[in-house]
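Asker: To start, I am sharing the structure in question, which I have written as structure tokens.
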Amino acid sequence: MARTAWASPLDAFFLMAETPEMPMHVGALLQFTYPPGEEDTYLRRLVTDLRAATVEPPWTMRLQTVGVRRQPVHRWVEDDEFDLDYHVRHLGLPSPAGERELGILVSRMHSNPLDLRRPPWEITFVEGLEGGRFAAYVKIHHALVDGFTGMRILQRGLTTDPDDRDHPFFLSSRRTRRPGTRPDPVADVTSVLSGLGTSLGSAPSVGRALLDTQLRRGQPAGTKAVTSYQAPPSILNGRVGRARRFATQQLEVDRLRAIGKARGSTLNDVLMAVCAGGLRDFLTGLDALPERPLIGFIPVNVRPKDSQGGGNLVGATLVSLATDIEDPLARLAAITASARAAKARMRGMTADAVVAYSALLLAPAGLQVLRAMSGLPVPLPLPLTLNVCISNVPGPTEHLYWRGARLEATYPVSIPGHSMALNITANSYAGMLDVGFVGDRDGIPHLQRLAVRTGEALDGLEAAAAV
């Protein structure tokens, strides 16, 4: 019997948001080092083996649309004509290719939408890189997985054993959970309403938490939760085209943790401060720094720690990036206080209630998206909700291998969109934060400069903290 599953409201959101200028796929650029002595033969053999692999759901599932007249409803169905060769691709750059050439290639591949008549994913292997390396660019529609699930998929397809040449491919393993454990909350209409109803009967409720946020009531001393209406207009909030720019940066986790320990901040607080410092310098160089602080859209994972992921289940909040503050330590303190206030609003909520609260908090952003899509200038009396997305996805702490090839870095390649033309996402891996910067090609010029400025911002914050 063919497998089917209804798409959740979060899945449907990513499908409805899909436009030619704003494809809703996420990706990852994985860089590997060849096994010693196998540079000439390894990649062709790996691609051949992958194309012959057994493929399990969800990789064989495509979308089917029902009721297209008024309100389309989507469900996942098994693709009876699944063609693995279409999804697994192999190409080469003129050798020896460096980071610039690879970045240009990824920018172009990420600009092209997925064919939603097929299972919405592709993997492209790239050879010809300098330093005995090759790359794999993975592209998946956000309706199929979120970032948390993507990292779990990565871990299942790789191994910590460099001598393991028979480890199952990620396409061949099903998502499983241990007997007796509670399944993840499901982000469908029933569970969201159930979570909302449960939360409304508790303290704090979703409605009260939202009202308190907007009116700035009941905040701990020294904190200030961001409302839905205080982001400044910026070059990050225009209409996007289809073309993308992509840049990368690596940050050492221990350096960020040392700063956080010295200043009473979390790792995520320090990451936001480093990105904010890079943005401040980058926008100043373009003479485009707003007088008021940029507001960050910060995704929040709401799954249990032992979850294996699956589908989309994610909340979000708003945090001031304090880009109006020149001193890096004062900027970090302001970001830490803003993040604490945001977390306090969601404390005690169920996972589904967090999703509901996030949707209500971010609902006004729909107006700024429509305004950006129209191309009309921003009316000053109507404020914005957010400026830039900054996300951090936890990953493996040990080095991983793909049938003998060592994974050196895993850079996220995420989604910029109308009125949020820049996305910054980090993956932690083996002691590093691999940061991917994705921006609209026309709206965000010289994106590699932002990546460089972000690295310099870490140096400056570290020096100021005397770590």
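The values are calculated or read from the model by the stated rules, or taken from the named source; none is laboratory data. Predicted model, so just to flag it, every value in this text is computed and none were measured. As a convention, Cβ positions derive from the backbone with ideal geometry for all residues, glycine included, and neighbour counts pool all protein chains shown.
Asker: Is there a residue being part of a loop (DSSP other than H, G, I, E, B), modelled with pLDDT of 95 or more, surrounded by fewer than 23 Cβ atoms within 10 Å (Cβ to Cβ) and at positive phi anywhere in segment 279-289? Talk me through it step by step, then tell me what you get.
Answerer: Residues of segment 279-289 part of a loop (DSSP other than H, G, I, E, B): 286-289.
In the following step, the residues that additionally are modelled with pLDDT of 95 or more were identified as 286-289.
Applying the additional criterion that residues be surrounded by fewer than 23 Cβ atoms within 10 Å (Cβ to Cβ) yields 286-289.
Of the ones still in play, those that are also at positive phi are 287.
Yes, segment 279-289 contains at least one residue that is part of a loop (DSSP other than H, G, I, E, B), modelled with pLDDT of 95 or more, surrounded by fewer than 23 Cβ atoms within 10 Å (Cβ to Cβ) and at positive phi.
Asker: While we're on this one: Among the numbered criteria (1) modelled with pLDDT under 95; (2) outside any loop (DSSP other than H, G, I, E, B), which single criterion is violated by Thr48?
Answerer: That leaves (1) as the condition not met.
Asker: Next question, about the same structure. Looking only at segment 252-264, decide whether some residue is under 21 Å from Gly27 (Cα atoms) and modelled with pLDDT of 95 or more. Working first, answer last.
Answerer: To start, the set of residues in segment 252-264 that are under 21 Å from Gly27 (Cα atoms) comprises none.
No, segment 252-264 has no match at all.
Asker: Looking only at segment 415-447, count how many residues are surrounded by fewer than 22 Cβ atoms within 10 Å (Cβ to Cβ), under 13 Å from Ala247 (Cβ atoms) and small (Gly, Ala, Ser).
Answerer: 0
Asker: Which of the residues belonging to segment 25-39 are in a loop (DSSP other than H, G, I, E, B) and surrounded by 20 or more Cβ atoms within 10 Å (Cβ to Cβ)? Spell out the reasoning first.
Answerer: Taking segment 25-39 as the starting set, the residues that turn out to be in a loop (DSSP other than H, G, I, E, B) are 34-39.
The answer is Tyr34, and nothing else.
Asker: Next question, about the same structure. Does Pro96 count as of a type outside the set (A, V, I, L, M) and surrounded by 16 or more Cβ atoms within 10 Å (Cβ to Cβ)?
Answerer: Working: of a type outside the set (A, V, I, L, M): yes; surrounded by 16 or more Cβ atoms within 10 Å (Cβ to Cβ): no.
Answer is no for this residue.
Asker: May I pose another question? Any residue at all in segment 141-152 that is within 25 Å of Pro20 (Cα to Cα), part of a strand (DSSP E or B), outside the structural domain of Asp434 (by TED's automatic domain parsing) and touching a strand residue (DSSP E or B) at 6+ places or on another chain (Cβ under 6 Å)?
Answerer: Going residue by residue through segment 141-152, those that are within 25 Å of Pro20 (Cα to Cα) are 141-147, 150.
Add one more test, that the residue is part of a strand (DSSP E or B), and what stays is 141, 145.
Next, only the ones that are outside the structural domain of Asp434 (by TED's automatic domain parsing) stay: 141, 145.
Checking the rest, the ones that are also touching a strand residue (DSSP E or B) at 6+ places or on another chain (Cβ under 6 Å) come to 141.
Yes, because at least one residue in segment 141-152 is within 25 Å of Pro20 (Cα to Cα), part of a strand (DSSP E or B), outside the structural domain of Asp434 (by TED's automatic domain parsing) and touching a strand residue (DSSP E or B) at 6+ places or on another chain (Cβ under 6 Å).
Asker: Could you grab me the full set of residues in segment 344-367 that are of a type outside the set (A, V, I, L, M) and within 29 Å of Gly238 (Cα to Cα)?
Answerer: Residues of segment 344-367 of a type outside the set (A, V, I, L, M): 345, 347-348, 350, 352, 357-358, 364, 366.
Within segment 344-367, Tyr357, Ser358, Pro364, Gly366 qualify.
Asker: Next up: Select from segment 307-348 the residues that are assigned to a helix (DSSP H, G or I) and not aliphatic (A, V, I, L, M) and write down the one among them that is modelled with the lowest pLDDT.
Answerer: The qualifying residue modelled with the lowest pLDDT is Arg345.
Asker: Same structure again: Evaluate segment 456-466: report whether one residue or more is closer than 16 Å to Cys389 by Cβ and either buried (at least 22 other Cβ atoms within 10 Å of the Cβ) or not hydroxyl-bearing (Ser, Thr, Tyr) (or both).
Answerer: The answer is no, given that none of the residues of segment 456-466 is closer than 16 Å to Cys389 by Cβ and either buried (at least 22 other Cβ atoms within 10 Å of the Cβ) or not hydroxyl-bearing (Ser, Thr, Tyr) (or both).
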